[in-house]
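The values are calculated or read from the model by the stated rules, or taken from the named source; none is laboratory data. Here the structure is a predicted model, which is why all the values come from computation and not from measurement. Glycine gets a Cβ as well: all are built from the backbone with ideal geometry, and neighbour counts include every protein chain shown. Each accessible area value is taken on the protein alone, full model and side chains, heavy atoms only, with ligands, DNA and RNA left out. Shrake-Rupley method; radii C 1.70, N 1.55, O 1.52, S 1.80 Å.
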Amino acid sequence: MKLDSERAARRFFTECFASNNHSVECLWVAHVDEQARCLHLSRHQGNEDATLFPLRTIIADAARHGSAGLVLAHNHPSGDARPSDADCKATRRLASAAEAIDCAILDHLIFAGEDYSSLRRLGYL
């Protein structure tokens, strides 16, 4: 599947979260090639108030798969799809690390029930 738009990414990750426990945060990372085709998908389980953001693991996976870009998505069990300060900080740190291996963060979606937000659309990327 191509993740070449916010709409495509929303549809893709909605399916990922369908089988997820919605009472805990979970981070999904899609590694994509130059044409935004998904090469690899990883899931990182968190808890009720936070998701693990394993920067080193994500970067190692990107290097191993030759990822040109990453599309991230995680859920907020609170029902508030707005990004937290921690969400923005972790995404910026990952973007800086990914840049060193010529990999771009294409978007980071936050899901909360039927609502979602895009860090790209909000200007954080």
Check: Based on the Cβ-Cβ distance of R92 and S42, what FRET efficiency does E = 1/(1 + (r/R0)^6) give at R0 = 22 Å, to the nearest 0.05?
Finding: 0.65
Note to self: Quick one: 3J(HN,Hα) in Hz for region 51-62, Karplus 6.51/-1.76/1.60 with θ = phi - 60°, rounded, Gly and Pro as x.
What the structure shows: 10, 5, 10, x, 3, 4, 5, 5, 5, 4, 4, 4
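Quick one: if the Förster radius is 22 Å, what FRET efficiency do A8 and A112 give, using the C-beta to C-beta distance and rounding to 0.05?
0.65
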Next item on the list: Would you please give the residues with an amide H less than 5 Å from that of A104, counting only those at least 5 places away or on a separate chain, with H modeled from the backbone geometry?
Entry: G69, L70
Check: Quick one: what do you get for the chain if you divide its Cα Rg by 2.2 N^0.38 Å?
Finding: 0.95
Check: Can you give the relative contact order of the chain as a percent, counting alpha carbon pairs under 8 Å and 6+ residues apart?
Finding: 23
Check: To the nearest 10 degrees, how steeply does helix 85-99 sit against the main Cα axis of the chain, on a 0 to 90 scale?
Finding: 10
Note to self: Please compute the per residue accessible area over region 54-123 with all protein chains in place, 1.4 Å probe, rounded to a whole number of Å².
What the structure shows: 50
Check: By accessible area of protein heavy atoms, probe 1.4 Å, what ranking do E25, E15 get, highest first?
Finding: E15, E25
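So how strong a dipole does region 1-62 carry about its Cα centre when Lys and Arg Cβ are +1 and Asp and Glu Cβ are -1, to the nearest 20 debye? Kindly include the intermediate steps, with their values, before the conclusion.
Working: 7 positive and 9 negative charges, 37 e Å.
Roughly 180 debye for region 1-62.
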Checklist line | Order of exposure, largest accessible area first, which applies to L41, L119, L55 with probe 1.4 Å | finding: L41, L55, L119
Check: By the gyration tensor of its Cα atoms, with a ≥ b ≥ c the square roots of the eigenvalues, what is the shape of region 1-68: rounded for a/c under 1.5, prolate for a/b over b/c, or oblate?
Finding: oblate
Notebook entry, point to check: Out of the DSSP beta bridges found with both residues in the chain, what percent are antiparallel (nearest 5)?
Noted result: 70
Next item on the list: Provide the gained length on full extension for the span L122 to A63, in nm with one decimal, where the gain is 0.36 nm per separating residue minus the Cα-Cα distance.
Entry: 18.5 nm
Margin query: Suppose every Lys and Arg Cβ carries +1 and every Asp and Glu Cβ carries -1, with no other charges. What dipole size does region 43-125 come out with about its Cα centre, to the nearest 20 debye?
Written below: 300
